[in-house]
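Comments concern the structure below.
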Amino acid sequence: MKNINRFTIKEYKEYVTLVKEYSETGDAGAIFKLFDLDVSKLTVEEFNKNLELILKSEVKNIGVKPYYFIGKRRYKADLNITNIKAGQFIDLQNIIKRDKEDLASLIACFLIPQNKKFFWYTTPLYSTGYDIVGVIEEIENNMTICEAKSLSDFFLFQSQRLLKVTQDYLKKKKMKERLKKIKKQTI
């Protein structure tokens, strides 16, 4: 039986859809096929045991790495969210508003494909010098779901922290301006 943590993002999306369909129709055949199990060769007991295992499967959080090999390319992860460019952050916020479950697009905001030059890798600027749609497709078709979930959880947590810090900074700045205004009025 195939392990859910070895699924690609695309396979995991299919799994989620099939589980929803199963809850409505009771047909688990497609789910078993996705896990490389042949229903015709299973006893009823094996069928029920495997179905229970499949439905209870959870994606592990394996942490993040600075580099990922996805498909035929090496990707650099921008792990310090305070160093990301405005375009990356804006894209991230738009993707979150549009569809939080679009893992490949979320991750493409932070994984930059590197180019190999002789014995060294170079990293272009975000969405410059590479096809972002191609990168999203490559990530969706080749990155494992446990890597993807770990990265997206990391970045969603970081972006929430960054938004909080930004809000706090703006509140302090506004408060200082009010205090200056009050001091000018009393003088």
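The values are calculated or read from the model by the stated rules, or taken from the named source; none is laboratory data. All values derive from a computational prediction rather than experimental measurement. Glycine gets a Cβ as well: all are built from the backbone with ideal geometry, and neighbour counts include every protein chain shown. Areas reflect the complete protein model, heavy atoms only, side chains present, ligands, DNA and RNA absent. Shrake-Rupley method; radii C 1.70, N 1.55, O 1.52, S 1.80 Å.
Yes/no per residue for (1) in contact with a Cys (Cβ under 9 Å, 6 or more places away or on another chain); (2) of a type in the set (Lys, Arg); (3) in contact (Cβ under 8 Å) with a residue 12 or more places away in the chain:
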| residue | (1), (2), (3) |
| --- | --- |
| Asp27 | no, no, no |
| Leu53 | no, no, yes |
| Val64 | no, no, yes |
| Lys76 | no, yes, yes |
*asked:* Checking the conditions here, which among Val39, Val16, Val59, Val44 is over 19 Å from Asp131 (Cα atoms) and open to solvent by less than 50 Å² (accessible area, probe 1.4 Å)?
replied: Val59
*Exactly one condition in (1) more than 26 Å from Val59 (Cα to Cα); (2) out of contact with any Gly (no Cβ under 9 Å at 6 or more places or on another chain); (3) small (Gly, Ala, Ser) is not met by Ser127; state its number.*
(2)
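Rundown of residues vs (1) modelled with pLDDT of 90 or more; (2) acidic (Asp, Glu); (3) over 20 Å from Arg74 (Cβ atoms); (4) surrounded by 11 or more Cβ atoms within 10 Å (Cβ to Cβ), yes/no style:
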site: Gln88; (1), (2), (3), (4): no, no, no, yes
site: Gln93; (1), (2), (3), (4): no, no, yes, yes
site: Lys100; (1), (2), (3), (4): no, no, yes, yes
site: Pro113; (1), (2), (3), (4): yes, no, no, yes
site: Pro124; (1), (2), (3), (4): yes, no, no, yes
site: Asp131; (1), (2), (3), (4): yes, yes, no, yes
*Looking only at the stretch 76-86, decide whether some residue is part of a helix (DSSP H, G or I), closer than 30 Å to Tyr22 by Cα and of a type in the set (Ser, Thr, Tyr).*
no
*Within the stretch 142-170, how many residues are open to solvent by 40 Å² or more (accessible area, probe 1.4 Å), aromatic (Phe, Trp, Tyr) and either at pLDDT below 75 or under 10 Å from the mean Cα position of the chain (by Cα) (or both)?*
1
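For the stretch 72-79, indicate whether the set of residues that are over 27 Å from Asn3 (Cα atoms) and under 21 Å from the mean Cα position of the chain (by Cα) is non-empty.
Yes: one or more hits.
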*Would you check if Phe47 is in contact with a Lys or Arg (Cβ under 8 Å, 6 or more places away or on another chain) and at pLDDT 90 or above?*
no
